[in-house]
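Please read the structure below before turning to the comments.
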Amino acid sequence: MTHISKLAAAFAPHEELAAVLLPHAFAADDGSHDAAHLIRVWKNAVRIHAEEGGDARSLAAAVLLHDCVSVEKNSPLRARASRLAAEKATGILQELGWDTEDTAAVAHAILTHSFSANIAPETLEARILQDADRLDAIGMVGAARCFYIAGRMGSGLYDPLDPLAEARELDDKAFAIDHFETKLFRLADGFKTEAGRRLATEREQRLRDVLSMMLDEI
């Protein structure tokens, strides 16, 4: 069994689709948007889909391809990342023979999942993808990804003189924990499904606990 086949098994019952799409799905050098991230987002999506419904095949394709164009967090193209991914996904699915309506549904979900794009999701599948992806940005994993990306960007963990930015402007490009306030704590209020909102409440508290424990140690 190949590595791709083993990864594809995590996307049951859409293993065959996953095996075809995974080679297009992520950049090999970004540990915050890798196969592990896709699997976690799929697990989140499955939990939400079980309560909310929606088209599972389109949702699986959207999860698999939502990060198929890699744009670094500090790139001027960051706000266009989801649009670029949606365009690439459209071409991939058209080559696989998907019809226009289903392809457009997947592209819309990918386009609107991004916080940076700031485009409202209009379908159930798009709302589920957005919630599933944002769940991976909060909680314990969200904290780990935040610190990983900060290291990747060359940022410090915190301002040693003013960790909570009480007398300075927040700057998440310079300090990792500033990103908790500038973005991560803002995500929990924007979840679009009831199941997603419930899960977000639990994970946001974990994220706040991580910050609290870190502050206690510095």
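Summary of values
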| read-out | value |
| --- | --- |
| Qualifying residue in the stretch 102-124 (condition: of a type in the set (Asp, Glu), within 15 Å of the chain's Cα centre (by Cα) and farther than 20 Å from Leu17 by Cβ) | no |
| Every pair of residues 6+ apart whose Cβ atoms lie under 9 Å, when the first sits in the stretch 189-218 and is under 13 Å from Arg134 (Cα atoms) and surrounded by fewer than 17 Cβ atoms within 10 Å (Cβ to Cβ) while the second is modelled with pLDDT under 95 and of a type in the set (A, V, I, L, M) | Arg197/Ala188; Thr201/Ala188 |
| Residues that are outside any helix (DSSP H, G or I) and surrounded by 15 or more Cβ atoms within 10 Å (Cβ to Cβ), drawn from the stretch 1-30 | His14, Ala25, Phe26, Asp30 |
| From Ala126, Ala165, Ala137, Ala132, residue being in contact with a helix residue (DSSP H, G or I) (Cβ under 8 Å, 6 or more places away or on another chain), part of a loop (DSSP other than H, G, I, E, B), open to solvent by less than 30 Å² (accessible area, probe 1.4 Å) and under 30 Å from Ser58 (Cβ atoms) | Ala137 |
| Ala144 outside any loop (DSSP other than H, G, I, E, B), without any contact (Cβ under 8 Å) to a residue 12 or more places away in the chain and either touching a helix residue (DSSP H, G or I) at 6+ places or on another chain (Cβ under 6 Å) or not aromatic (Phe, Trp, Tyr) (or both) | yes |
| Hits in the stretch 169-218 (condition: under 16 Å from Arg145 (Cα atoms), within 17 Å of the chain's Cα centre (by Cα) and either among the hydrophobic types (A, V, I, L, M, F, W, C) or outside any helix (DSSP H, G or I) (or both)) | Phe180, Leu184, Phe185, Leu187, Leu207 |
| Pair list, Cβ < 7 Å and 6+ apart or interchain, from the stretch 1-21 residues that are more than 23 Å from Ala50 (Cβ to Cβ) to residues that are in a helix (DSSP H, G or I) and hydroxyl-bearing (Ser, Thr, Tyr) | Ala19/Ser5 |
| Pair list, Cβ < 9 Å and 6+ apart or interchain, from the stretch 30-59 residues that are without any contact (Cβ under 8 Å) to a residue 40 or more places away in the chain to residues that are open to solvent by less than 40 Å² (accessible area, probe 1.4 Å) and assigned to a loop (DSSP other than H, G, I, E, B) | His33/Ala27; His33/Asp67; Asp34/Ala27; Asp34/Asp67; Ala35/Ala25; Leu38/Ala25; Leu38/His66; Leu38/Asp67 |
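The values are calculated or read from the model by the stated rules, or taken from the named source; none is laboratory data. Keep in mind that this is a model prediction, so the values were computed, not measured. In this analysis, Cβ positions are derived from the backbone assuming ideal geometry, glycine residues included, and neighbour counts consider all displayed protein chains. These area figures cover heavy atoms from the full protein model, side chains too; ligands, DNA and RNA do not enter into them. Shrake-Rupley method; radii C 1.70, N 1.55, O 1.52, S 1.80 Å.
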